[in-house]
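The values are calculated or read from the model by the stated rules, or taken from the named source; none is laboratory data. For clarity, every value in this text was computed on a predicted model and none was experimentally measured. Neighbour counts run over all protein chains shown; Cβ positions are idealised from the backbone, glycine included. Accessible surface areas use protein heavy atoms only, side chains included; no ligands, DNA or RNA. Shrake-Rupley method; radii C 1.70, N 1.55, O 1.52, S 1.80 Å.
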Amino acid sequence: MSEYIIKGGKKISGEICISGSKNAALPIIAASILNSGKTTLYNVPDIHDTQMMYEILKRLGASVTKKKNKVIIDSSRINCYEIPEDLMRQMRSSVIFVGSLLGKYKKATFSYPGGCDIGTRPIDLHLKVFEKLGINIGKNYGNISCSCDKIIGEKIDLDFPSVGATENAILASCLAEGTTIITNAAREPEIIDLQNFLNKMGAKIKGAGSNQIEIKGVKTLKDVGYNVMPDRIETGTFLCLAAMTNGKITLKNANSNHITPVIDKLEEAGCKIIIQKNEIEIDAPKKLKAVNIKTMPYPGFPTDMQSIVATAMTIAKGTSIIVENIFENRYKYTQELIRMGAKINVEGKTAVIKGVRKLYGANVKATDLRGGASLVLAAACAKGTTKIENIEYILRGYEKFDYKLQQLGVNIIVK
Ligand code: EPZ
């Protein structure tokens, strides 16, 4: 397993370009099944999770050619409708292929994705969506088989604004007979990107970004080219890196509209943030002020930024209260931060963080994608050297992470 070695304490400066969004790219890659033709995607992040998606597409019979951040997918020769169990277990978000396979071929078989590093991650809401659309669901020994003769549009009310369940409902309804209306839909920007992509293919979808989405079924979908939106969580990650290191950086190809709750919190903590067209400049104070955070579904404060902003609070002046309302097990990283000198007390959904003067280098282990990124930020501002193991977690969601950090002056090497 690879590891990062980071020598902390340097003030960072300079500029980097934000990559395409992992969480927009994954459902869009799955949606390429729907046109049984050619899909050309640009600005796709070259990360572990997108590579896994290409692997699944190839196992289903599609062809994939990738050149850096441009990917060409030909889904005209798909002849398998079963998501490989080994890949499903490695990446639970591959459940997003089910909506596409059902939408196009009216059948899909997959294994329970199982929990992951941040919670049990059930798929009950996804299954409820499929049942509502008249899909028969058989379960045996951990495998789920879905099939139907045709899909008729329906009204679907989600118990919780689940991002994945909203995306699967859209994918399964694009080629249905009649109209599907999703209420209590997730409002994340990645769902707007999926709608824009599908409408470019010839779908008839409106309302993404609101809590009600309408999908008018069409007969066929055509070849398409599309540019994936920038990654709002990568943007927030680098803003917090600057905030923690008294840094001054500029992020290019960033969309500030997607992360206003994070920008608001960093300004409350004392950062100066200037927003140009698709650039964000941050100038951090010597010492951050403590802020409180409550994670909520979009447009509330994003759960994916919880560990990252909480890490910035470990060296802020004052005490911060963090409440994680989305996932039940998203504080594992705090144990690693405590090894670096952080003062954090976790009780259930709440973490109380008492700011310390500084953090100290230590040997730590990444516990999940965003928790791992948080440890990198902690190491960049700590006194001394930090070794971070299990960085494969981080490589799942951050493209050229060590290269971008080095560009900003962080003393990091990969072993
Ligand atoms: C997406 O996951 C993102 N992943 C996650 O980002 C993100 O944290 C999450 O949305 C919330 O914003 C991708 O887009 C690939 P959910 P998803 O369904 O769709 C519960 C990252 O770091 N739930 O909105 O799986 C679930 O357990 C990743 O990039 C059910 O109970 O999230 C969780 O508590 C991590 N039943 C809550 O809903 C279901 O059937 C939110 O889950 C589905 C979800």
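For this structure, a couple of remarks:
- Matching entry among ALA62, ALA25 (being modelled with pLDDT of 95 or more and more than 16 Å from the ligand (Cβ to nearest atom)): ALA62
- Boolean, ALA243 is more than 15 Å from the ligand (Cβ to nearest atom), closer than 28 Å to THR386 by Cα, assigned by TED's automatic domain parsing to the domain that holds GLY409 and hydrophobic (A, V, I, L, M, F, W, C): yes
Residue by residue, here is whether (1) touching a Leu at 6+ places or on another chain (Cβ under 9 Å); (2) touching a residue at least 12 places away in the same chain (Cβ under 8 Å); (3) open to solvent by less than 50 Å² (accessible area, probe 1.4 Å) holds:
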{"residue": "ALA108", "(1), (2), (3)": "yes, yes, yes"}
{"residue": "ILE137", "(1), (2), (3)": "yes, no, yes"}
{"residue": "ASN140", "(1), (2), (3)": "no, no, no"}
{"residue": "ILE144", "(1), (2), (3)": "yes, yes, yes"}
{"residue": "ASP149", "(1), (2), (3)": "no, yes, no"}
{"residue": "ILE152", "(1), (2), (3)": "yes, yes, no"}
{"residue": "ILE156", "(1), (2), (3)": "yes, yes, yes"}
{"residue": "SER162", "(1), (2), (3)": "yes, yes, yes"}
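- Residue match in segment 211-224 (condition: among the acidic types (Asp, Glu), more than 28 Å from THR303 (Cα to Cα) and touching a residue at least 60 places away in the same chain (Cβ under 8 Å)): yes
- Subset of segment 172-190 (residues that are touching a residue at least 60 places away in the same chain (Cβ under 8 Å), open to solvent by less than 50 Å² (accessible area, probe 1.4 Å) and within 13 Å of the ligand (Cβ to nearest atom)): ALA186, GLU188, PRO189, GLU190
- Scanning segment 252-302 for residues that are in contact (Cβ under 8 Å) with a residue 40 or more places away in the chain, over 18 Å from ASP231 (Cβ atoms) and within 16 Å of the ligand (Cβ to nearest atom) returns a single hit, PRO297.
- Residue check, SER32 over 17 Å from the mean Cα position of the chain (by Cα) and at positive phi: no
- With respect to the conditions (1) over 20 Å from ALA31 (Cβ atoms); (2) within 14 Å of the ligand (Cβ to nearest atom); (3) of a type outside the set (Lys, Arg), PHE97 lacks only one, and its number is (1).
- Qualifying residue in segment 288-295 (condition: open to solvent by less than 10 Å² (accessible area, probe 1.4 Å) and assigned to a strand (DSSP E or B)): yes
- In segment 338-351, the residues that are within 20 Å of ASN292 (Cβ to Cβ) reach residues that are at pLDDT below 95 with C-beta atoms within less than 8 angstrom, at least six apart or across chains, in these pairs: LYS349/GLU328.
- Among the criteria (1) surrounded by 20 or more Cβ atoms within 10 Å (Cβ to Cβ); (2) at positive phi, the one ASN253 does not fulfil is (1).
- Qualifying residue in segment 129-148 (condition: over 25 Å from the mean Cα position of the chain (by Cα) and part of a helix (DSSP H, G or I)): yes
So that you can scan it fast, the table gives a plain yes or no per residue for (1) surrounded by fewer than 18 Cβ atoms within 10 Å (Cβ to Cβ); (2) among the hydrophobic types (A, V, I, L, M, F, W, C); (3) touching a Gly at 6+ places or on another chain (Cβ under 7 Å):
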residue: ILE56; (1), (2), (3): no, yes, no
residue: ILE72; (1), (2), (3): yes, yes, no
residue: ASP86; (1), (2), (3): yes, no, no
residue: LEU102; (1), (2), (3): no, yes, no
